[in-house]
1. Distance between the C-alpha centers of the range 56-121 and the range 1-18? Whole Å please.
2. Rounded, prolate or oblate, given the Cα gyration tensor of the range 7-69, with a/c below 1.5 counting as rounded?
3. Rank these for me by crowding, LYS86, LYS31, going from fewest to most other beta carbons within 10 Å.
4. Grab the other residues whose beta carbon is less than 15 angstrom from that of TRP90, score K and R as +1, D and E as -1, and report the net.
5. What does the C-alpha gyration tensor say about the overall shape of the chain? Classify as rounded when a/c is under 1.5, otherwise prolate if a/b is larger than b/c, or oblate.
6. Based on the Cβ-Cβ distance from LEU40 to ALA2, what FRET efficiency comes out when R0 is 41 Å, to the nearest 0.05?
7. Are there any helices in the chain, counted as whole DSSP H runs, that stretch 18 Å or more along their axis by Cα and score at least 0.0 on average by Kyte-Doolittle, and if so which?
8. Which of the peptides 105-113, 87-95, 21-29, 2-10 is most tightly packed, and how do the rest follow, judged by the mean count of other Cβ atoms within 10 Å per residue?
Amino acid sequence: MAQDIAGTMLVVGYLGFLVLIVASMWKVFEKADEPGWAALIPIYNTYVMLKIGDNPGWYLLLMIIPIANLYAIGKMHVGIAKAFGKGVGWGVGLWFLPFVFFPMLAFGDASYHGGGSGGGSAGGQPAV
């Protein structure tokens with residue numbers, strides 16, 4: 001009996017955690033003038049995060065290459081942080097503690113300032 005209750009509590013807690021993450025990403029996407037539903041689509045949401053951080057879309061291909069994916073993911077998160085007026089530390093927080101930093105970004109007073117100068121020319125401006 002106690003195991004059933006503990007298992008149920010674990011499942012409910014996990015589902016609540018997932019709802020928090022999805023709601024946070026949804027809100028971040030909407031703040032960046034992207035469709036919120038994109039947070040629900042697994043590979044497309046990564047592409048949208050790359051766009052928000054002003055990184056080129058081909059970084060999505062880097063994410064399937066070992067070691068290179070660490071660079072691409074880190075650059076993506078730092079780009080998102082910069083796009084919302086935050087620093088590199090905030091980007092590292094988005095990468096390693098997304099369940100803390102995405103809700104703070106989504107429901108806090110951060111506003112979208114445009115591309116995060118992630119290094120790509122996705123914003124329509126030529127790379128210098």
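1. 31 Å
2. Oblate, since a/c reaches 1.5 and b/c is not below a/b.
3. Sorted ascending by nearby Cβ count, the order is LYS31, LYS86.
4. Details: positive: LYS31, LYS75, LYS82, LYS86; negative: ASP109.
Cβ neighbours under 15 Å give a net charge of +3.
5. In terms of gyration-tensor shape, prolate.
6. About 0.70, to the nearest 0.05.
7. On the way: long enough: 2-31 (43 Å, 1.23); 68-83 (22 Å, 0.59).
Those that clear 18 Å and a mean of 0.0 are 2-31, 68-83.
8. Peptide ranking by packing, descending: 21-29, 87-95, 105-113, 2-10.
Each value in this text was obtained by applying a stated rule to the coordinates, not by laboratory testing. Please read these numbers as outputs of a predicted model, since none were measured by experiment. So basically every Cβ, Gly included, is an ideal-geometry build from the backbone, and we count neighbours across all protein chains shown.
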